[in-house]
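For reference, the structure discussed in these notes is given below.
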């Protein structure tokens, strides 16, 4: 069973609407990743954090996507204005430290943009 | 940037037969390599980390050996079971700051009785 908790499991949005997903990393894991997985099982890295600080993010993330990992609160990923191409499974993962490659994933939040 | 390329699926096998999923990578630096598995409705989970070059990593009957010269680390299992049906991903940990995991495109495995 996943110890990384993602909510909601499913969300349906119209084009232009905001979509927000949350993630509680595994206890003691300061490193958090967000990935987008499309219907062809392809992964796209979006952003990662160590505690509250961004380590890496892709250009797409800098524009319509925003994410944060505040202390003592769940991490979140928000799409400001959803597009049809954003329909995907959004996976959150956590890790004990940077560079281990041993990520613990949640079950994901499946976004459908109509 | 770093990349991994793996066997395109789906791969369909009868129970008890052997499995090989090929994976090769490109990187300018010394990589850290992994195999992940994703069952339906779940997030990916680590199958095992592939250790140093020419050493074998293994878990749950699966194994992989990292061939540094061939830049490959194929996944193998001698006798698959129906419960092994899942999507398998090879992955590489980048050596840049942040060190995100780069995944292959996944290989769907279907095992029938």
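Values quoted throughout were computed directly from the atomic coordinates according to the rules given, and no laboratory measurement underlies them. Just so you know, these numbers come straight off a predicted model, no measurement behind them. Note that each Cβ is placed from the backbone with ideal geometry, even for glycine, and that neighbours are counted across all protein chains shown.
For A:32, B:11, A:12, the sequence from fewest to most other C-beta atoms within 10 Å is A:12, B:11, A:32.
Take each residue in A:34-41, count the other chain C-beta atoms within 10 Å of its C-beta, and the mean is 3. Shielding value for B:25-33 is 1, the average number of Cβ atoms from other chains within 10 Å of each residue's Cβ. Which whole-number percent of Cα pairs in the stretch B:64-113 have a distance greater than 19 Å? Cα-Cα pairs in the stretch B:64-113 separated by more than 19 Å: 42 percent. In chain B, inverting the average of 1/r over every pair of distinct C-alpha atoms gives 14.1 Å as the Kirkwood radius. Inter-chain neighbour count for B:100-108: the average number of beta-carbon atoms from partner chains within 10 Å of each residue's beta-carbon is 6. Taking the inverse of the mean reciprocal distance over all distinct Cα pairs, the Kirkwood hydrodynamic radius of the protein assembly as shown comes to 18.1 Å. Taking every Cα-Cα distance in the stretch A:4-80 and sorting them into 10 Å bins starting at zero, the pair-distance distribution P(r) comes out as 17, 52, 28, 2 percent.
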